[in-house]
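The values are calculated or read from the model by the stated rules, or taken from the named source; none is laboratory data. For clarity, every value in this text was computed on a predicted model and none was experimentally measured. Cβ coordinates were reconstructed from backbone atoms using ideal geometry, including for glycine residues, and neighbour counts include every protein chain displayed. Ligands, DNA and RNA are stripped out before the accessible areas are found, and what is left, the full protein with its side chains, is counted by its heavy atoms. Shrake-Rupley method; radii C 1.70, N 1.55, O 1.52, S 1.80 Å.
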Amino acid sequence: MQRTLSILKPDVTRRNLTGAVNERIERGGLRIIAQKRLHLTLTQAQKFYAVHQERAFFNDLCQSMISGPVVAQVLEGENAILHYRNVMGATNPANADEGTIRKDFAESIEANSVHGSDSVENAAKEISFFFSEMEIVG
Ligand code: ADP
Ligand code: MG
């Protein structure tokens, strides 16, 4: 069993698609074992995406992440990190496979509906960024 950090981005909450995306997550065999809705501050978004701070899209990405509420989640399942990335689809929805969340819901490469951790190390960091142990109920 493995855990990964998921974020439903503001384009999802704005269009009232939280349940529709959660249905894809659960249908994909992942369990939502922690979940909270919050509105990130700019400082929090910049800290969360610090690995991208040198990228040209960093400011736009942070602004997009604070443009509305997000839903942060811990997902659990076998090989959850890689498995969720497959359920999400490619970063650019134009390249995402049929049936993936990004193919079906993303508006653009920035407003691409979901975040998922990319490694065991980052999953642990990102989960503890949002959740305490008490809030994670496996
Ligand atoms: P992923 O979310 O698939 O792990 P990255 O970690 O590379 O992708 O990038 C983080 C987020 O930054 C992406 O989900 C996307 O919203 C945004 N992003 C990535 N590349 C670009 C780009 N070339 N232009 C604009 N936004 C981008
Ligand atoms: Mg990433």
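Data for the structure
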quantity	calculated
Boolean, residue 87 is crowded, with 18+ Cβ neighbours inside 10 Å, touching a residue at least 24 places away in the same chain (Cβ under 8 Å) and more than 10 Å from ligand 1 (Cβ to nearest atom)	yes
Among (1) touching a residue at least 60 places away in the same chain (Cβ under 8 Å); (2) farther than 28 Å from residue 79 by Cα - the single one residue 25 does not satisfy	(2)
Subset of the stretch 27-43 that is under 15 Å from the mean Cα position of the chain (by Cα) and open to solvent by 50 Å² or more (accessible area, probe 1.4 Å) - its residue that is farthest from residue 112 (Cα to Cα)	31
Filtered residues of the stretch 1-23 (kept if within 16 Å of ligand 1 (Cβ to nearest atom), assigned to a helix (DSSP H, G or I) and under 14 Å from the mean Cα position of the chain (by Cα))	10, 11, 12, 13, 21
Filter result (open to solvent by less than 80 Å² (accessible area, probe 1.4 Å), away from ligand 2 (no atom under 12 Å from the Cβ) and in a helix (DSSP H, G or I)) within the stretch 104-127	104, 105, 124, 127
Residues of the stretch 45-59 that turn out to be open to solvent by less than 90 Å² (accessible area, probe 1.4 Å), under 29 Å from residue 1 (Cα atoms) and in a helix (DSSP H, G or I), as a count	4
